[in-house]
Amino acid sequence: MRQVQLKGHICTLGAVILFGLMSPMCKLAMQNGAIDGLLLAFFRVSGAALLFWLISPLFEREKIARNDWLPMLGMSLCGMVINQFLYVLGIQYTSPTNACVVGTSTPVMTFILASIFLHHRVTLLRVGGFLLASIGALVLILGSGGGLSGNPLGDTLCLVSQFTAACYFVFFGGVLRRYHPVTLMKWLFLFATVLTLLPMSGRLAALPGASFSLSELMAIAYVVVGGSFFSYLLLIVGQRHLEPPTVAAYNYVQPVIAAVVGIVLGLDIITWQKCLSLLLIASGVLLISKKMS
C-alpha cells in the first residue's frame, strides 16, 4: 500500500512540476510576438490530441455510450477549449507567477459549485477557507500593475479559466468515472481541436511567414509534450492512487515552480502582493481540503 501511495505522490508531484513550468514556458514562447496566446493554445490541444490518439492503441478500446457524447462535448468546451484558451491568453498579458497563483483557486471554486449543485456539506471552516482564498485572489488582481508584476486583464482571464475547470470537475463527474482517462483525453482533445480549427485557420495560414527562434520552438514543444501530454498522463496515475484532496494539495507547488523559473528567465518579479496572495489562497484551500478529506 505504501509503495502504491508513493507512486501516486511521485507521479502527482511530477505532473504539478510540469504544470508549474507551463506559465513561464508559455510566456517564453510568446515573448517575441511570433505566436499569440490563442494560437499557442490551439497547438496545445491539437498536439495533445495527436499524442493521445497515438498511444490509445496501447490501452483497451472502449465504446462511448450514445448518451455520453453530449456531456463529453460539454467537458471538452469547459476543460479544454474555454479553460485552456483563456488560461494561455491570460498568460500573454500577465506574469507566470500570477497565472499559477490564480490557478490555486480551482479547488475553492469546485467546493462552491459542489456545495450549491451537489449539496456538499457547508461548514464554518470551509466558508472561512473560501473567504481567505477569495481575498488572496482579489489582492493579486488588484495589486497587478502591468509589466512583469502582472496585469488585471490577464489575471481575470486566468481566473475565469479556473472557473470553467471547476465546472468540468463538478458537472461531469459521472462521465469522468465511467471511462479510462486515456479514452476521455483522446476524445476531449479531439473535440477541442475540431471546435477551434476554423477560428484558428487565419492564424494558421499566417504561420509560414513567422520566424521562430530556437528557444521559442523549444518552449512550444514543451507546452504540447511536457505541459499537456506527459502532465496529464502523470496526473492520471496520481489520481488513481491518491485521494482527491491530496492531489489538490499539490497545486501549491505550481506558483513556487513558476516563480523560480520565471525569475531565472527574466520573465517575472516577486512582489509582496504575490507572497500575500499565495499565503492567503494556500491557507484557504488547505482548510477546505483538510475538512473535505
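Only the coordinates and a few stated rules stand behind these numbers; no lab work does. This structure is a prediction, so every number in the text was calculated from the model and none was measured. For neighbour counting, all protein chains shown are included, and Cβ atoms are generated from backbone atoms with ideal geometry for every residue, glycine included.
Worth a mention:
- Between residue 116 and residue 214, the modelled labels are 5.1 nm apart [label points 7 Å from Cα along Cα→Cβ].
- The length gained on full extension between residue 204 and residue 70, counted as 0.36 nm times the residue separation minus their Cα-Cα distance, comes to 45.4 nm.
- Residue-wise HN-Hα coupling along the range 152-163, computed from phi with Karplus coefficients 6.51, -1.76, 1.60 (Hz; x: Gly, Pro): x, 5, x, 4, 5, 4, 5, 5, 5, 5, 5, 5
- Gain on full stretching of the segment that runs from residue 36 to residue 276 - 0.36 nm per residue minus C-alpha separation: 83.4 nm
- Centroid-to-centroid separation of the range 17-55 and the range 157-211 [C-alpha atoms, Å]: 12
- For the range 214-221, 3J(HN,Hα) computed residue by residue from phi via the Karplus equation (6.51, -1.76, 1.60; θ = phi - 60°) reads 4, 5, 5, 4, 5, 5, 5, 4 Hz, glycine and proline entered as x.
- Rounded to whole numbers, the Karplus 3J(HN,Hα) couplings from phi for the range 180-195 are 5, x, 5, 4, 5, 4, 5, 6, 5, 5, 5, 4, 4, 5, 5, 5 Hz, using 6.51 cos²θ - 1.76 cosθ + 1.60 with θ = phi - 60°, and x at Gly and Pro.
- For residue 34, no residue has an amide H sitting under 5 Å from its own, ignoring neighbours fewer than 5 places away on the same chain, with H placed 1.01 Å from N.
- Other-chain or far-sequence residues with amide H under 5 Å of residue 151's (modelled H): 95, 146
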